[in-house]
Amino acid sequence: MEKGGWIDITQPLTNGMANWPGDTPFNFELGVTKEQSGSVNIGEIRTSLHMGTHADAPFHFDEAGKKLHELDVEIYIGRAKVIDVTMHAYLGRSELEAYDLDGAERLLLKTSETNNPFVFPQSFIELRPDIGPYLGEKGIFLLGIDVPSVDRTDSKDLPTHHALGDNGICIVENLMLADTEPGDYELIALPLAIQDADGSPVRAVIRKI
């Protein structure tokens, strides 16, 4: 897409899409049809808040962490840097030191995974917990990634979630970055304003700077 156009990097919410093991799957249906009401169709959804492209509030993994409505919306709007980490199976401080992150505030990681909404990946890039302090030192306060989690699927203590949260870094997961070139972008990835929530689906778009 030519410079100036917005690029949608959202994983769509679709019936039958893959869900995190044990989570409530996404389901949309018409609760009321125009034929029934005489005037309008009214849809309804049932879903885990961590389906598709979504934001994790700190409360998701920390009982004392901020809930979604307590986070500043400006975290999710502004300049972002996309970097290509497709060559890495693991990613931490030592790997990220090879990238120029000076001045970055929001960092989006393009990994080697093919993000298929209908297939939950058996494995994906592993982020080491030391990524949290390193990104904090760089002044980064939002990390986005194109896989379902910043921690392994079998992790119960979620060390990378905690390392990011301890360093003031918010998380967006399940972005669609396969066709995105590395570089600097404007980002809008606003979560829904859900009171007391641990997370939310987001509509994420970027525009080349």
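The values are calculated or read from the model by the stated rules, or taken from the named source; none is laboratory data. Just so it is clear, the structure is predicted and the values come from calculations on it, not from any experiment. FYI the Cβ positions are ideal-geometry reconstructions off the backbone, even for glycines, and counts take in every protein chain you see.
The requirement of being of a type outside the set (Ser, Thr, Tyr) and either in contact with an Asp or Glu (Cβ under 9 Å, 6 or more places away or on another chain) or at pLDDT below 95 (or both) is not satisfied by residue 100.
With the condition kept exactly as written, say whether any residue in region 175-182 is over 14 Å from the mean Cα position of the chain (by Cα) and surrounded by 23 or more Cβ atoms within 10 Å (Cβ to Cβ). No, every residue in region 175-182 fails to be over 14 Å from the mean Cα position of the chain (by Cα) and surrounded by 23 or more Cβ atoms within 10 Å (Cβ to Cβ).
Whether any residue in region 100-113 is small (Gly, Ala, Ser) and farther than 19 Å from residue 140 by Cα is what I want to check. Scanning region 100-113 turns up at least one residue that is small (Gly, Ala, Ser) and farther than 19 Å from residue 140 by Cα.
The residues listed here are 72, 100, 84; of these, the one that is closer than 26 Å to residue 207 by Cα, surrounded by 16 or more Cβ atoms within 10 Å (Cβ to Cβ) and of a type in the set (Asp, Glu) is 84.
With respect to (1) in contact (Cβ under 8 Å) with a residue 24 or more places away in the chain; (2) within 30 Å of residue 132 (Cβ to Cβ), the lone exception for residue 14 is condition (2).
Screening the candidates 26, 61 for the property of being in contact (Cβ under 8 Å) with a residue 12 or more places away in the chain, surrounded by 17 or more Cβ atoms within 10 Å (Cβ to Cβ) and more than 16 Å from the chain's Cα centre (by Cα) yields one hit, 26.
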